[in-house]
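Below: one structure, written as structure tokens.
Just so it is clear, none of the values below were taken in a lab; they were calculated from the coordinates. Being a predicted model, the structure only gives us computed values, none of them experimental. Neighbour counts run over all protein chains shown; Cβ positions are idealised from the backbone, glycine included.
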Amino acid sequence: MAHIHDKIDFTVAIFLIDQGRVLLVLHKRLKKWLPLGGHIELDEDPETAALREAKEESGYDIELSGERPPTTEPGTRALIAPRFLDIHRIHETHEHIGMIYWARPTAGALRRAESEHDDIRWCSDVDLDSLQPPLSGAVRWYCLKALEEMR
């Protein structure tokens, strides 16, 4: 999706964990290893965006990790909160506010979104250090934190 604002957009990042491994994609345009994720579209909430992005980019249906508060009632729908939030610069005049989720696959089969990614792979904590190009410090930290917390 195109940017919805000139200066800032909201995004989701999904650190998908299964059998002690995290799923990463090699982004075709950015040439970086990243988690699943992307922009939150105008008709979506963050949770819906995370489920959609995971399916589009990996072929998996997922379950987000976290607690849904019991506050849903007419006019209000409780959401699972992201594990972390960050803001990261995309270029000189544009930033993304990232909502960072942990998740597990529930159904589906691994497939790469060929138009978006050059590679997709499950990585153990040991595998993270051998990826080329190397992971950014932030992505590596989130991978390790998700692997630790989702044991």
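The H on the amide N of ALA78, modeled in the peptide plane, is under 5 Å from the matching H of THR71, THR72, GLU73, each at least 5 residues off or on a different chain. With all projection directions averaged, the alpha carbon convex hull of region 8-149 covers 9.2 nm².
Counting only pairs 8 or more residues apart or on different chains, how many lysine pairs in the chain have their Cα atoms under 22 Å apart?
Working: LYS28/LYS55; LYS31/LYS55; LYS32/LYS55; LYS32/LYS145.
Number of lysine pairs found: 4.
Fewest neighbouring Cβ atoms within 10 Å first, the residues LYS32, LYS7 line up as LYS7, LYS32.
Which value, in debye to the nearest 20, gives the size of the charge dipole of region 8-149 about its Cα centre, when Lys and Arg are +1 and Asp and Glu are -1 at the Cβ? Before the final figure, lay out each step's value.
Details: 17 positive and 26 negative charges, 74 e Å.
Result for region 8-149 is approximately 360 debye, rounded to the nearest 20.
Counting only DSSP beta bridges with both residues in region 8-149, the antiparallel share comes to about 75 percent.
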